[in-house]
Structures are given as C-alpha cells and as structure tokens.
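The values are calculated or read from the model by the stated rules, or taken from the named source; none is laboratory data. Small disclaimer: the values here were computed from a predicted structure and weren't measured. Every residue, glycine among them, receives a Cβ derived from its backbone with ideal geometry; neighbour counts consider all protein chains shown. These area figures cover heavy atoms from the full protein model, side chains too; ligands, DNA and RNA do not enter into them. Shrake-Rupley method; radii C 1.70, N 1.55, O 1.52, S 1.80 Å.
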Amino acid sequence: MGRERALKEYRRRRDFGRTAEPEGEDAAATPDGEPSFVVQIHDATAMHFDFRLEVDGVLRSWAVPKGPSADPHDKRLAMPTEDHPLEYRDFEGVIESGEYGAGTVIVWDEGTYRNLSEDRAGREIPFAEALDHGHASFRLDGKKLHGGYALTRVRSGDDGGREAWLLVKHADRSAHGNGGTDPHRARSTRSGRTLGQVSGSAS
Ligand code: MN
C-alpha cells in the first residue's frame, strides 16, 4: 500500500488544529540501515502499549493492552490499529480531551529491528509479505526490548469480529521470566518521565 493511502485513516480520525500529534505531511527521510520500532504507553480510555514497526514508510501499529513481555510463555493480545506516520515515533505528550485517543503518551522504548521471517526452506520472507501472511518474526534492538519476537494473526476479522494478533517472545538468550511492565511506573526512554509527570498530574 502506498504511504499516502496508508495514512488516510490516521488523518481522518484526527483534527490537526487540535492535537499536537504529527500530520505526517513530509515523508521522513528513511535512513539507510535497519528499520525502526517504537513502543509508546498510552493512558487513554483503557491503558495500553502501542507497538509500532516501520514497514514501507509508515509505522504498522498494534495496541497491546498488557504490553510486550520478555517471557516466552506470555501470549500478549495485540489489536491492529491504523498505520501511523514515521514522525509519530517522536510523539510524547498529551492528546487533549475530546480528541481521538485522548490521554497521555510516553515513548517507552525505541530502536531498530531485523526481519527474521523465513519460509520452510529457510529463505527470508520480506517483512510486509510475512505480515500479509499473518506471521512475522523479528529481532528487536531497543533500549529495553531485545531479541526475537513474533507477531501472529489469530483472528482474521472476516467474521465481523475484530482482527487480533498475539505478540510473543522467542525463547532465546534475551528471554526471562519477569516479563511485564507496570505502565504507571514506567519511564520514557526520551525524557525519563512517567505518564503522571508528562500529564502534569504528578511531579
Ligand atoms: Mn494508542
């Protein structure tokens, strides 16, 4: 999908006169090397983590209610959301009440990832194609998250329900048993601030 078409839904939902979120007007220069990922914590109507991977010039996005886990036994529900512009990886702040996604956002983790998706013969499958097929493997190189993870589509959404995926840690050397993160205590990797500090409700 072209970038402009991919961002239509993102723009349709937002009034850029009222939210500080980026409109994504200028295609960000894509630096050579590995594609980026970002995980934001979003204290909206329901607290969740937004897990975003750079694919073909946009951030493919999933809302993960409990957040990523480093424990391979944890199967984290990941609900796909609309593609976001690359500039969104820099967004940290407050989305005003009344606006779509109203609430506080912090950048919890960021870095790059490498595609690990392979077919049965061990040949690499392009990442966008792996996602289209409903199963993608990748290695995160973030400040907090490390090592292999997989995203697997477990419900298509064709039956009228919502499409659903699972985000699961690979059982590799970076796996460990205390996997979760308390979103209220978590700190921004950009500013060191908590959600409460960004929203102004805590000092
Ligand atoms: Mn969100």
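Only residues that are free of Cβ contacts under 8 Å to residues at least 40 places away in the same chain and under 12 Å from Pro72 (Cβ atoms) were counted in the range 167-189, giving 2. Filtered by the rule that a residue be of a type in the set (Ser, Thr, Tyr) and part of a helix (DSSP H, G or I), the range 190-203 gives a lone residue, Ser199.
Could you say whether any residue in the range 90-98 is in a strand (DSSP E or B) and surrounded by 22 or more Cβ atoms within 10 Å (Cβ to Cβ)? No; the residues of the range 90-98 include none that is in a strand (DSSP E or B) and surrounded by 22 or more Cβ atoms within 10 Å (Cβ to Cβ). Within the range 101-125, residues that are under 18 Å from Arg185 (Cα atoms) have Cβ atoms under 6 Å from residues that are more than 16 Å from the ligand (Cβ to nearest atom) and open to solvent by 50 Å² or more (accessible area, probe 1.4 Å) in these pairs: Val107/Arg190; Asp109/Lys143; Asp109/Lys144, counting only partners at least 6 apart in sequence or on another chain.
Working only within the range 148-184, note down all residues that are open to solvent by 30 Å² or more (accessible area, probe 1.4 Å) and in contact with a helix residue (DSSP H, G or I) (Cβ under 9 Å, 6 or more places away or on another chain). Hits for the range 148-184 are Arg153, His184.
Criterion applied to Gly179, Gly200, Gly122, Gly192 was being more than 20 Å from the chain's Cα centre (by Cα) and over 25 Å from Asp56 (Cβ atoms), and the one residue passing it is Gly200.
If the condition is being under 14 Å from Glu23 (Cβ atoms) and either among the hydroxyl-bearing types (Ser, Thr, Tyr) or within 15 Å of the ligand (Cβ to nearest atom) (or both), then the range 83-94 contributes Asp83, His84, Pro85, Tyr88, Phe91. One residue alone among Arg76, Arg14 is more than 14 Å from the ligand (Cβ to nearest atom), over 11 Å from the mean Cα position of the chain (by Cα), open to solvent by 10 Å² or more (accessible area, probe 1.4 Å) and basic (Lys, Arg), and that residue is Arg76.
The residues in the range 135-189 that are part of a loop (DSSP other than H, G, I, E, B), among the aliphatic types (A, V, I, L, M) and under 22 Å from Met47 (Cα atoms) can be counted, and the count is 2.
Residue count for the range 36-73 under the criterion of being under 21 Å from Gly177 (Cα atoms), more than 13 Å from the ligand (Cβ to nearest atom) and not basic (Lys, Arg): the result is 6.
Here are some residues: Ala78, Ala27. Which one is of a type in the set (Gly, Ala, Ser) and modelled with pLDDT of 95 or more? Outline the logic, then answer.
Details: Ala27 fails: modelled with pLDDT of 95 or more.
Within the list Ala78, Ala27, the selection yields Ala78.
Please work out which residue is nearest to Pro80 (Cα to Cα), limiting yourself to the range 119-134 and to residues that are part of a loop (DSSP other than H, G, I, E, B) and not charged (D, E, K, R).
Of all residues in the range 119-134, those part of a loop (DSSP other than H, G, I, E, B) come to 119-123, 125-126, 133-134.
Keeping just the survivors that are not charged (D, E, K, R) gives 121-122, 125-126, 133-134.
Numbers: Ala121: 29, Gly122: 27, Ile125: 21, Pro126: 19, His133: 14, Gly134: 12 Å.
It comes out as Gly134.
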